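Novice: Okay, here's the structure, questions in a sec.
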Amino acid sequence: MRVDESSVVREDALSQASEILEEPSRGTRRRVVILINVLTALVLGVFVATQLLTNGRLPQPGRDAVMYPSLILFSVSSAVYNVRLLLSGTEGNPRWNAISQWGSIFLVQLLGLALVHANANTATSLLLDHSLSIVMIFMTGIVINRWAAVIWGAITLVSLFVAVQNVGPEFTYALMTRGELAELAALKAANPDAYAARAAAAAAESLAPLPIALYAQVSVAITLFVIAATYFQSGMIGKVLDAMPLALDKIQIAARERQRLKEENIRMGMELDVAQRLQAMVLPRDAELAANPALEISAMQEAADEVGGDIYDVLHGEDGSTCFVIGDVTDHGLASGVVMLMSQAALRTALEATRFDLVHTLNHVNNILYKNVQERMNDQRNLTLALLRYHDGVVQLAGQHEEVIVVRAATGEIERVDTVDLGFMVGMIDDIADFTAETRFELQPGDFMLLYTDGVTEAERPDHEMFGGARLEAALLEARERPTDEIMRHLHKRIHEWIDGGEVLDDITMVLVRRRA
């Protein structure tokens with residue numbers, strides 16, 4: 001178990017730094033979209049009004065009467081939508097955001113293409129398209145992303161190539177002098193038919209003269225695009241630079257907390273290692289397990305963390321009896337390991353002092369743990385605890401824990417000894433004398449019993465299904481003819497096959513006791 005007290009502070013500092021850096025750019029994209037919408041609607045509106053006032057109609061009434069109002073309506077709607085979100089400080093619907101952003105960019109790009117390929121004066125439109133394309137590549141990168149800007153740049157180059165090919169690479173655009181313009185005006189007055197024929201020829205080659213006011217209007221619109229985009233973008237960059245020192249301070253705070261946490265984890269790791277070694281030192285040795293010639297005993301323990309909360313012990317009395325301890329401290333980790341060590345010391349002392357009086361030992365240990373854990377440590381940990389005493393084929397059992405599984409050698413049948421009515425959670429209340437009781441059962445030659453903690457039956461595979469008591473009993477029967485060491489290895493193997501490489505979520509402890517034939 002690792003200490004993580006500073007993680008919240010570190011995460012807060014990093015989130016604050018992220019917020020500081022993100023704040024200047026928040027809303028920039030939406031402001032640029034609003035700018036595009038307003039200028040697009042304004043340019044289209046001026047164009048439509050000019051056409052109606054000058055010519056009394058649009059260039060292609062059947063098409064333009066639907067197209068231009070639709071484009072203006074979309075631009076106005078998108079602008080209103082983004083203004084509302086900008087004022088409310090909300091993000092809006094992702095789908096509508098995408099429609100607004102992509103639609104606004106696509107509309108201006110479409111107008112740019114039309115400017116080149118459907119203009120009455122191709123040569124001058126190429127110059128205007130070049131200016132607009134540079135602006136739109138920049139806008140596309142801000143509003144959508146850089147790859148969209150790259151794609152639009154490629155489309156612009158292809159469009160320019162097609163436009164040049166349409167007029168021919170040998171085409172030369174010649175400007176008229178004032179004298180030539182005067183001659184053209186005189187021709188219009190003297191011979192309208194000849195003037196009309198000349199104008200038709202110029203229009204056929206997309207060289208119709210256009211008023212300078214039109215170019216001025218388009219240039220003003222493009223200039224406004226550039227100014228506004230630069231204003232928003234450079235303003236954002238300036239704010240980011242201003243916020244950088246504060247953000248760096250937050251990042252440094254997070255770095256210091258991370259280093260402190262790392263050092264704390266190293267220290268805790270050393271403490272946990274010491275506690276783990278202490279736990280291993282107090283477990284019964286192989287010689288102790290083999291000390292009673294009438295019994296074949298095997299035991300194993302696997303902790304879910306560096307320090308486990310399970311407890312087991314094997315003690316031998318002067319009268320030839322053997323006492324078994326099996327228990328499970330609530331939770332696991334360092335604190336549970338401390339309670340386990342405290343319990344082991346108290347149990348051994350009490351059992352040896354009372355000559356294996358199980359009920360008296362339970363009450364005595366409960367009193368010690370309650371005072372130490374609940375009162376002094378101010379901790380709510382307690383434990384399930386069962387004590388068993390074997391002597392001449394009879395097993396005495398006291399304390400509340402997992403049921404004891406007994407396998408009968410003669411029949412291969414399984415018996416379960418329930419412990420619910422034999423005790424109470426040790427260390428939870430100050431006195432459990434009214435709850436403790438004792439029962440007895442026999443072990444015939446060849447019979448064996450399994451003591452275990454809930455980490456065995458509650459071992460989970462990846463889909464969270466538990467190993468369960470039925471599978472534990474089936475695994476016992478599969479290997480019941482083998483020596484206890486092999487049975488123990490078989491049980492451990494079956495449990496880990498069930499876990500299937502997953503995490504051991506709770507301590508696994510088992511003690512197997514067979515009466516020799």
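Novice: Tell me the residue from GLY112, GLY103, GLY56 that is touching a helix residue (DSSP H, G or I) at 6+ places or on another chain (Cβ under 8 Å) and modelled with pLDDT of 80 or more, please.
Specialist: The conditions single out GLY103.
Novice: For the stretch 166-184, how many residues are surrounded by fewer than 11 Cβ atoms within 10 Å (Cβ to Cβ), of a type outside the set (Asp, Glu) and at pLDDT below 75?
Specialist: Result for the stretch 166-184: 7.
Novice: Still on this structure, I have one more. What's the number of the only condition in (1) part of a strand (DSSP E or B); (2) surrounded by fewer than 21 Cβ atoms within 10 Å (Cβ to Cβ) that ARG471 fails to meet?
Specialist: Here ARG471 clears every test but (1).
Novice: May I ask you to list the residues in the stretch 47-64 that are surrounded by 13 or more Cβ atoms within 10 Å (Cβ to Cβ) and in a helix (DSSP H, G or I)?
Specialist: Correct list: PHE47, VAL48, THR50, GLN51, ASP64.
Novice: Among GLN276, GLN301, GLN344, which is surrounded by fewer than 21 Cβ atoms within 10 Å (Cβ to Cβ) and in contact with a Leu (Cβ under 8 Å, 6 or more places away or on another chain)?
Specialist: Numbers: GLN276 fails: in contact with a Leu (Cβ under 8 Å, 6 or more places away or on another chain); GLN344 fails: in contact with a Leu (Cβ under 8 Å, 6 or more places away or on another chain).
Matching residue, one of GLN276, GLN301, GLN344: GLN301.
Novice: Now for a different question. Checking ALA410 against (1) touching a residue at least 60 places away in the same chain (Cβ under 8 Å); (2) of a type in the set (A, V, I, L, M, F, W, C); (3) closer than 17 Å to PRO445 by Cα, which single condition isn't satisfied?
Specialist: Among (1) touching a residue at least 60 places away in the same chain (Cβ under 8 Å); (2) of a type in the set (A, V, I, L, M, F, W, C); (3) closer than 17 Å to PRO445 by Cα, ALA410 violates only (1).
Novice: Hey, does the stretch 414-435 have a residue that's in a helix (DSSP H, G or I), within 30 Å of TYR370 (Cα to Cα) and of a type in the set (Asp, Glu)?
Specialist: Looking through the stretch 414-435, at least one residue is in a helix (DSSP H, G or I), within 30 Å of TYR370 (Cα to Cα) and of a type in the set (Asp, Glu).
Novice: Continuing with the same structure: Do you know which residues across the stretch 401-432 are touching a helix residue (DSSP H, G or I) at 6+ places or on another chain (Cβ under 8 Å), over 19 Å from ASP328 (Cα atoms) and of a type in the set (A, V, I, L, M)?
Specialist: Those that are touching a helix residue (DSSP H, G or I) at 6+ places or on another chain (Cβ under 8 Å), over 19 Å from ASP328 (Cα atoms) and of a type in the set (A, V, I, L, M): VAL407, ILE414.
Novice: Okay, next question. Out of VAL329, VAL338, VAL325, I need the residue that is crowded, with 18+ Cβ neighbours inside 10 Å, β-branched (Val, Ile, Thr) and more than 22 Å from TYR452 (Cβ to Cβ). Which one?
Specialist: Working: VAL329 fails: more than 22 Å from TYR452 (Cβ to Cβ); VAL325 fails: more than 22 Å from TYR452 (Cβ to Cβ).
Criteria check complete, one pass: VAL338.
Novice: Residues in the stretch 59-91 that are modelled with pLDDT of 85 or more and basic (Lys, Arg): how many?
Specialist: Selection size over the stretch 59-91: 1.
Novice: May I ask you to verify whether VAL406 is hydrophobic (A, V, I, L, M, F, W, C) and over 18 Å from LEU315 (Cβ atoms)?
Specialist: Answer is yes for this residue.
Novice: What about GLN259, is it in a helix (DSSP H, G or I), loosely packed, with under 13 Cβ neighbours inside 10 Å, at pLDDT below 75 and of a type in the set (S, T, N, Q)?
Specialist: Values: in a helix (DSSP H, G or I): yes; loosely packed, with under 13 Cβ neighbours inside 10 Å: yes; at pLDDT below 75: no; of a type in the set (S, T, N, Q): yes.
So GLN259 does not fit the description; no.
Novice: Name every residue in the stretch 474-500 that is within 27 Å of CYS323 (Cβ to Cβ) and part of a helix (DSSP H, G or I), in order of residue number.
Specialist: ALA475, LEU476, THR484, ASP485, GLU486, ILE487, MET488, ARG489, HIS490, LEU491, HIS492, ILE495
Novice: Considering only residues of the stretch 472-508 that are β-branched (Val, Ile, Thr) and at pLDDT 95 or above, which is farthest from VAL314 (Cα to Cα)?
Specialist: ILE495
Novice: Then there is this: Contact list please: Cβ distance under 8 Å, first residue in the stretch 368-382 and within 19 Å of ALA433 (Cα to Cα), second residue small (Gly, Ala, Ser), pairs at least six apart or on different chains.
Specialist: What qualifies is ILE368/ALA346; LEU369/SER343; LEU369/ALA346; LEU369/GLY427; TYR370/GLY427; VAL373/GLY427; GLN374/GLY427; ASN382/GLY427.
Novice: Shifting gears a bit: In this structure, is ASP328 of a type in the set (Asp, Glu), modelled with pLDDT of 90 or more and either touching a Ser or Thr at 6+ places or on another chain (Cβ under 7 Å) or within 20 Å of VAL456 (Cα to Cα) (or both)?
Specialist: Criteria met by ASP328.
Novice: Still on this structure: Report, ordered by the first and then the second residue, all pairs with beta carbons closer than 9 Å, sequence separation of six or more or different chains, a first member in the stretch 84-112 that is free of Cβ contacts under 8 Å to residues at least 40 places away in the same chain and assigned to a helix (DSSP H, G or I), and a second member that is among the charged types (D, E, K, R) and crowded, with 17+ Cβ neighbours inside 10 Å.
Specialist: Listed by first residue and then by second, the contacts come to ASN97/ARG30.
Novice: Report yes if THR354 is touching a His at 6+ places or on another chain (Cβ under 6 Å), in the same structural domain as THR457 (by TED's automatic domain parsing) and free of Cβ contacts under 8 Å to residues at least 24 places away in the same chain, otherwise no.
Specialist: So THR354 passes the test.
The values are calculated or read from the model by the stated rules, or taken from the named source; none is laboratory data. Please read these numbers as outputs of a predicted model, since none were measured by experiment. Note that we place each Cβ from the backbone using ideal geometry, even for glycine, and neighbour counts take in every protein chain shown.
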